[in-house]
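Shown next, in structure tokens, is the structure this report addresses.
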Amino acid sequence: MIAIYTLWLRQLKRYFRSKSRIIGSLGQPLLFLVALGFGLGPVFQKAGQGNYLEFLAPGIVAMSILFLSVFNGMEVIWDRQFGFLKETMVAPVPRWQIMMGRTLGGATVAVMQGILVLVLSMLVGFSPVYSFWMIALSLVFMFLIALMFTAFGTAIASVLEDMHGFQLIMNFLVMPIFFLSGALFPLAGLPKVVGIITAIDPLSYGVDGLRGTLVGAAHYGLMPDFLILAVITAVFIGFGSYFFSKIQV
């Protein structure tokens, strides 16, 4: 447990040391909020769907967590190339504890990023449901999203040695995961094929859970969202632990 805590703390220190990384990672969510929220807002309202910014903000929060979580896996490749990973792996602790420490640290950083984006969205006009329990539950969904995709990024990085290859694979996977999650469009009334794809997409349940807790508009329901997300997260952590334990340093 000491190893998990130490690596968790190390990830947090890395995050806070890079102020440019914190500021830079807020640029894309802000662009989506302003360009799409205000640009497509009148069209969305004319279609009888209400305020688009209210609909969009939970999806943008999930997007920021997704991107930061997945690309935390890049640090595994970085540490392997520069020898830092070897120093960690020779410690007399099980490798799954090392993986869990890194994953929890990356997930915590991603949740903090999600909270910053949520605050930013409120500054541009988003009004969440002001309920202590709903806000607390939204943090649970943020953490599950972060934990799931940090473990996913770690699993992918554990079987790759090239940082450029990781970026290509992640872009190939992450963009469809985001765009087909319902973050930008309602899940009701979709064509059958698209509906099946969104139901397979694990981020769909995270976005839907955040939308249900923050604006009270869950498509699947909060309990199904939570259960499915928790199961997929556990599976991804299992895969991440397995592949991380096979790393050759």
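Share of Cα-Cα pairs in segment 84-240 beyond 25 Å, in percent?
Working: 4363 of 12246 pairs.
Summing the P(r) tail past 25 Å for segment 84-240 gives 36 percent.
Below 15 angstrom from the Cβ of L168, what's the summed charge of the other residues (Lys, Arg +1; Asp, Glu -1)? Please report the intermediate quantities before stating the final value.
Details: positive: none; negative: E161, D162.
Summing Lys/Arg as +1 and Asp/Glu as -1 gives -2.
Which of W96, W78 comes first, and how do the rest follow, when ranked by fewest Cβ neighbours within 10 Å? Please report the intermediate quantities before stating the final value.
Values: W96 18, W78 14.
Ranked by crowding around the Cβ, least crowded first: W78, W96.
Throughout, read-outs are computed from the coordinates displayed, never taken from laboratory work. Since the structure is predicted, the reported quantities are computational estimates derived from the model, not experimental observations. Here the Cβ is made from the backbone with ideal geometry for all residues, glycine too, and neighbour counts use every protein chain on show.
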